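In what follows, a structure is listed as structure tokens, so that the remarks can point back to it.
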Amino acid sequence: MADILVLYYSRGGSVARLARQIARGVGEVEGMQARLRTVPPVAPVTQTAMPPVPEDGAPFVQAQDLAECAGLLLGSPTRFGNMAAPLKYFVDTLGADWASGTLAGKPAAVFTSTASLHGGQESTLLSMQLPLLHHGCLLVGIPFTEPALSHTRSGGTPYGASHVAGAGDDPQPSDEEALLARALGRRVADIARRLAG
């Protein structure tokens, strides 16, 4: 089985739930499995280090997760039209991986969640793709051959999977959002399998 790394930061649970839907899609491709990982939070002043394993949820990402993956899906909540600081901090530490080409030639995609419909999903997704291009990843989106993309009334874009949590901060993806997240996971896994084949 080849691993697709589903790496995310989630504060309110929305991005974590999208990650699980993406992982389901990855698992629908023969010979592929998802490896769910997260990044620790950051703070302006840190007095103690984070434990090596979080109390719940996915484990923290390690260097070997990037080296061993056949593809990557990167997820973050939207912060003013950009990825959240913890994920950006992690991405900014990948200079050695960039120099050695750890991710070069691997398919990659992005996903996000916002509180409002016009909360910056597309700019967040696009900005998350920039470092992936620098790493030499092959960017994967959601084509309009996925019928739900033309009918969604909340999240889901050609740039990547997304969720609109709304004013009540509902972390549960809608049926269409979940369908599109699974489709994105399947696409990355299928492309990774074909590249390896």
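The numbers here are math on the coordinates, done by the rules we state, and not lab data. Predicted model only: the values in this text are computed from it and were never measured. With ideal geometry, Cβ positions are generated from the backbone for all residues, glycine too; neighbour counts draw on all protein chains shown.
List of remarks:
- Geometric extent, Cα atoms of the chain - Rg, Dmax (angstrom): 15.6, 50
- DSSP beta bridges in the chain [antiparallel fraction, %, rounded to 5]: 10 percent
- FRET efficiency for D56 and A196, using Cβ-Cβ distance with R0 set to 45 Å, rounded to 0.05: 0.85
- Between the exposed loop cleavage positions of the chain, defined as chymotrypsin sites (Phe, Trp or Tyr not before Pro) in a non-H, G, I, E, B DSSP state with at most 15 neighbouring beta-carbon atoms within 10 angstrom, the longest gap is 1-79.
- Taking GluC sites (Glu not before Pro) in DSSP loop conformation with at most 15 other Cβ atoms inside 10 Å as exposed sites, the chain has its longest uninterrupted site-free stretch at 56-197.
- The calculated FRET efficiency for D97 paired with D175, based on their beta-carbon distance and R0 = 30 Å, is about 0.25.
- Span from the segment 4-19 Cα centroid across to the segment 124-195 one, whole angstrom: 12 Å
- Separation of the H134 and F80 label points, Cα + 7 Å toward Cβ, nm: 1.9 nm
- Length gained on full extension, E30 to S150, computed as 0.36 nm times the residue gap minus the Cα-Cα distance: 40.5 nm.
- For the chain, the 222 nm mean residue ellipticity estimated from helices alone, with every DSSP H stretch of n ≥ 4 adding -39500 (n - 2.57) and the total spread over all residues, rounds to -11500 deg cm²/dmol.
- Measuring nothing but how far apart in sequence close Cα pairs (under 8 Å, 6+ apart) lie, relative to its length, the chain scores a relative contact order of 27 percent.
- Cα-derived Rg to Rh of segment 83-133, Kirkwood definition: 1.02
- Between E68 and S116, full extension at 0.36 nm per residue minus the direct alpha carbon distance yields a gain of 13.7 nm.
- Of all complete DSSP H helices in the chain, those with a Cα span along the helix axis of 24 Å or greater and a mean Kyte-Doolittle hydropathy of -1.0 or more are 175-196.
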